[in-house]
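The block underneath contains the structure these notes are about, expressed in structure tokens.
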Amino acid sequence: MNPTDSPLVSVVVITYNSAKFVIESLESIKAQTWKNIELVISDDASTDCTIQLCSDWIEANKSHFWETKLITVARNTGIPSNINRGLRAATGDWVKMLSGDDNLLENCIADNLEYARQFPDANFITSDLCEIDENSVSIRDKVINEGVTFFASLPSAKKQLKNYSRWPVFLNTPAFFYKREVLKILGYSDEEFKIYEDMTAVISIMGKGVKLYYMNKPTVEYRVHPNSISRSIEVNKFREIEAYRIFKKYQCKHLNILNPFDLSVYYENWLRFKYKGFKGHKGDSFLRKLSLFYWYMKFNGVKTY
């Protein structure tokens, strides 16, 4: 199949100690109804048998792909660095990200490409997710994220950037689908950070005028299990420290202290990162209701804000 006749899609799989789930993830890529696929696996110095499993699987299944690549490193470098290595190796017209414990629904790539055909300006697309547990049993057939619905409804990248700087709504990286040329604009993820690769990337993309489009359809099975980084209690403290650094480095650049909404965002972040409470009582859930932006989001129907 010639990529000029049918877009080549690079599926970039990010792994780290993913031995328990990675074969299921790879099989979901192999099972795609869209067949013009480049498979790139980027591993961040796994200490289990992830690399060997991936190597053996590629050897047995490489004929199903336009090309296969397995990238390894000698030491762990963090999520953004691992993602960047995978993205730099991708050569497809489009790029699909996937963690080594998640799965693609069989029409994932075909559905995204059809959406892009219907909306020619859609170079950066997100979609809905299903949730499965560590045994691959369905938890939810569709995860409703009203924050994404609100965010994607904003008419321009400029307005999205402003609102994302005020409230970095959770956008799940495995749901992203974008043209590789967007990566050239973006300059990849900020490797200064080790966890929040998505926030810095989204802000950078929108800062270059690229709008996020939302396809209201599940395309990925997102695995919920206690060992995932996003749910690890052990890294919670580090996660909060990094979130505050991102707020100062990225979000504050797009906030104006003279704007009442932006000022209330500063207030909300002070509550989150700096407020220690009074005599053992925080009461931050009540104090947050003093924020003008809090009521702005409620007025716009975002009940979960």
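A few notes on this one:
- Taking only the C-alpha atoms of the stretch 135-255, Rg followed by Dmax gives 15.1, 43 Å.
- 1.4 Å probe accessible area per residue over the stretch 179-286, in Å²: 57
- By the compact-protein rule of thumb, 2.2 N^0.38 Å, the alpha-carbon radius of gyration of the chain corresponds to a ratio of 1.03.
- Translational diffusion of the stretch 62-114 was estimated from the Stokes-Einstein equation, with Rh taken as the Kirkwood radius over Cα pairs; at 37 °C and 0.692 mPa s the coefficient is 248 µm²/s.
- Candidates Ile144, Ile125, Ile79, ranked by Gaussian network fluctuation over the chain, Cα under 10 Å, top entry: Ile144
- Fraction of accessible area attributable to carbon and sulfur, the chain (%, probe 1.4 Å): 55
- Listed residue pairs exceeding 26 Å between alpha carbons, taken from Lys217/Lys253; Lys162/Lys279; Lys20/Lys142; Lys211/Lys253: Lys217/Lys253; Lys162/Lys279
- Listed residues Gln52, Gln251, Gln32, most fluctuating in the chain (Gaussian network, C-alpha, under 10 Å): Gln52
- Unsatisfied cross-links (Cα-Cα over 22 Å) in the set Lys35/Lys62; Lys96/Lys184; Lys208/Lys274; Lys194/Lys248; Lys69/Lys179; Lys96/Lys249: Lys208/Lys274; Lys96/Lys249
- Convex hull volume of the stretch 165-227 per residue (C-alpha atoms, cubic angstrom): 126
- If both residues of a DSSP beta bridge must be in the chain, then about 30% of such bridges are antiparallel.
- Helix-only CD estimate at 222 nm, as mean residue ellipticity for the chain, using -39500 (n - 2.57) per DSSP H run (n ≥ 4): -11000 deg cm²/dmol
- Choice from Lys211, Lys159, Lys249 with maximal GNM fluctuation in the chain (Cα, 10 Å cutoff): Lys249
- By the equivalent-ellipsoid construction on the alpha carbon gyration tensor, the stretch 60-180 comes out with semi-axes of 26, 19, 18 Å, ordered largest to smallest.
The values are calculated or read from the model by the stated rules, or taken from the named source; none is laboratory data. Keep in mind it's a predicted model, so treat the numbers as computed, not measured. Surface accessibility is based on the protein's heavy atoms, side chains included, excluding ligands, DNA and RNA. Shrake-Rupley method; radii C 1.70, N 1.55, O 1.52, S 1.80 Å.
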